[in-house]
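The values are calculated or read from the model by the stated rules, or taken from the named source; none is laboratory data. The model shown is predicted, which means the values in this text are computed figures rather than measured ones. FYI the Cβ positions are ideal-geometry reconstructions off the backbone, even for glycines, and counts take in every protein chain you see. What goes into the accessible areas is simple: the full protein's heavy atoms, side chains included, and nothing from ligands, DNA or RNA. Shrake-Rupley method; radii C 1.70, N 1.55, O 1.52, S 1.80 Å.
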Amino acid sequence: MTVAVHVSGAPKHAVDELVPGLVAGLVASRITAGDPTLWGPDAEPEAAVRLGWVEAVANSRPLVPEIVALRDQLRAAGVDRVVLAGMGGSSLAPEVITATAGVPLTVLDSTAPAQVLAALDGGLERTVLVVASKSGSTLETDSQRRAFEVAFTDLGIDPAERIVVVTDPGSPLDIASREAGYRVFNADPNVGGRYSALTAFGLVPSGLAGADIGELLDEAEASLLEFAVDSAENPALRLGAAITGLPPRPDKLGLVSDGTHIEGLPDWIEQLIAESTGKGGSGILPIVLLPVSPELDSRPADLQIVRLVDDADEFHLRERYEGEILVSGTLGAQFLLWEYATAIAGHLLGLNPFDQPDVESAKEAARGLLDAQPEVTAPAFVQGDIEV
């Protein structure tokens, strides 16, 4: 098996109670087949255009030689520093991939001037910027791109030679970037940002930075059958049931890395689960913990611990981890495992794991503030060159 999920205590009880129903309902094979009806009639329109991640491995294969060829071309020109401009799900997966592979990647996921300046000051003469935005209209990412365009131009560098764009086909960024002559990689529009680890959003910046993205896809492909089969041994069904739990279920999920070779995976899992399940007055609140966090010893009643380890089957033999969920596996397999498990948890909780109402409302509010042009008011008083 490419992954292992070990459960004991309350999580085992949840698995024993919930998995038979999931198997009888053919939940695993229906997700794999792209069945949008699993999350109820209200979620069906959204789910119908958000299940492309189950085919991400096959759809992403043709990208690998293109990304590797571009990386070799850039390095031949002395460009070996990769900066990723992306927010949220567009940047978290590449951070995990490159950190685990031990290759450098500078992630710019802030518009704070000091953060932007630090990214600009790292050596522009050897820098390529990857601009990642699914919608192509993310204001933060657009402002980061503009800053780099000016900086490249000021140094006499053609931005078209140093900016690579990842976006959905037909997005405003896709159209504008092609007109400007930038290299564009289109991602599958039927994959949401937080489920995009194995699409162009995860692969382009990681591959340009030097990670072996072909091996990553191999790892994921090796796990596909395990997650697709309707069996009580399916690790995705087991994990989905375990993190959902039984009433009175703990609604907080503590994620801790303990000896695993994978770097930073809890941060990616945190957003995946939080954004997918926290809605409609229900959900799971994920919390990233350290191996020394006091919650691991105090065991609050409303907190379920998930421990990411190198070998869950061996790790469980240590008795003090009774009642925890232990998960191990290759990185590519874990990306798929958690995507399946999160979708399964959404099914069990009766909510849509693919929409993002709070994200959209926040974007609308930000656009409203930027579009509003308040009238200039007279200053209360003037002192020299200062108006108050």
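Taking the condition among the hydrophobic types (A, V, I, L, M, F, W, C) and not in a strand (DSSP E or B), does Leu296 pass?
Here the answer is yes, as Leu296 does meet what is asked.
Just to check your reading of the model, which residue among Gly384, Gly346, Gly350 is modelled with pLDDT of 90 or more and open to solvent by 60 Å² or more (accessible area, probe 1.4 Å)?
Gly350
Only one of (1) open to solvent by 50 Å² or more (accessible area, probe 1.4 Å); (2) closer than 18 Å to Ile157 by Cβ is not met by Glu66, so which one is it?
Glu66 satisfies all of (1) open to solvent by 50 Å² or more (accessible area, probe 1.4 Å); (2) closer than 18 Å to Ile157 by Cβ except (2).
Among the residues of segment 169-178, is there at least one that is in contact (Cβ under 8 Å) with a residue 60 or more places away in the chain and at negative phi?
Checking segment 169-178: not a single residue is in contact (Cβ under 8 Å) with a residue 60 or more places away in the chain and at negative phi.
In segment 217-260, how many are touching a residue at least 12 places away in the same chain (Cβ under 8 Å) and either open to solvent by less than 10 Å² (accessible area, probe 1.4 Å) or part of a loop (DSSP other than H, G, I, E, B) (or both)?
The number of residues fulfilling the criteria is 30.
Give segment 69-84 a look and list any residue that's of a type outside the set (A, V, I, L, M) and surrounded by 15 or more Cβ atoms within 10 Å (Cβ to Cβ), or say none.
Those that are of a type outside the set (A, V, I, L, M) and surrounded by 15 or more Cβ atoms within 10 Å (Cβ to Cβ): Arg71, Asp80, Arg81.
Determine, yes or no, whether Glu295 is in contact (Cβ under 8 Å) with a residue 12 or more places away in the chain and surrounded by 17 or more Cβ atoms within 10 Å (Cβ to Cβ).
no
Considering (1) in contact (Cβ under 8 Å) with a residue 12 or more places away in the chain; (2) open to solvent by 40 Å² or more (accessible area, probe 1.4 Å), say which one Val96 fails and leave the rest.
(2)
Within the bounds of segment 4-23, is there any residue that is outside any helix (DSSP H, G or I), farther than 30 Å from Arg126 by Cα and in contact with a Ser or Thr (Cβ under 6 Å, 6 or more places away or on another chain)?
yes
The conditions are (1) modelled with pLDDT of 90 or more; (2) not in a loop (DSSP other than H, G, I, E, B), and Ala301 fails exactly one of them. Which is it?
With (1) modelled with pLDDT of 90 or more; (2) not in a loop (DSSP other than H, G, I, E, B) applied to Ala301, the lone miss is (2).
Take Ala47 and decide whether it is touching a Pro at 6+ places or on another chain (Cβ under 8 Å), within 24 Å of Asp251 (Cβ to Cβ) and crowded, with 16+ Cβ neighbours inside 10 Å.
Yes; evaluated as a whole, the condition is true for this residue.
Taking segment 83-104 as the search range and keeping residues that are of a type outside the set (Gly, Ala, Ser) and touching a Lys or Arg at 6+ places or on another chain (Cβ under 9 Å), which one is farthest from Ala160 (Cα to Cα)?
Among residues in segment 83-104 that are of a type outside the set (Gly, Ala, Ser) and touching a Lys or Arg at 6+ places or on another chain (Cβ under 9 Å), the one farthest from Ala160 (Cα to Cα) is Leu92.
For Glu263, all conditions in the list (1) in contact with a Leu (Cβ under 7 Å, 6 or more places away or on another chain); (2) in a loop (DSSP other than H, G, I, E, B); (3) under 16 Å from Phe335 (Cα atoms); (4) open to solvent by 40 Å² or more (accessible area, probe 1.4 Å) hold save one; what is the number of the exception?
So the condition that Glu263 fails would be (1).
Residues Met1, Met87: which one is over 17 Å from Val204 (Cβ atoms), open to solvent by 30 Å² or more (accessible area, probe 1.4 Å) and at pLDDT below 95?
Met1
Could you run through segment 177-187 and say how many residues are modelled with pLDDT under 95 and either in contact with a Gly (Cβ under 8 Å, 6 or more places away or on another chain) or β-branched (Val, Ile, Thr) (or both)?
Within segment 177-187, residues that are modelled with pLDDT under 95 and either in contact with a Gly (Cβ under 8 Å, 6 or more places away or on another chain) or β-branched (Val, Ile, Thr) (or both) number 0.
Hey, any hits in segment 271-281 for a residue that's in contact with a strand residue (DSSP E or B) (Cβ under 7 Å, 6 or more places away or on another chain), within 22 Å of Thr98 (Cα to Cα), assigned to a helix (DSSP H, G or I) and modelled with pLDDT of 90 or more?
Yes, the conditions are met somewhere in segment 271-281.
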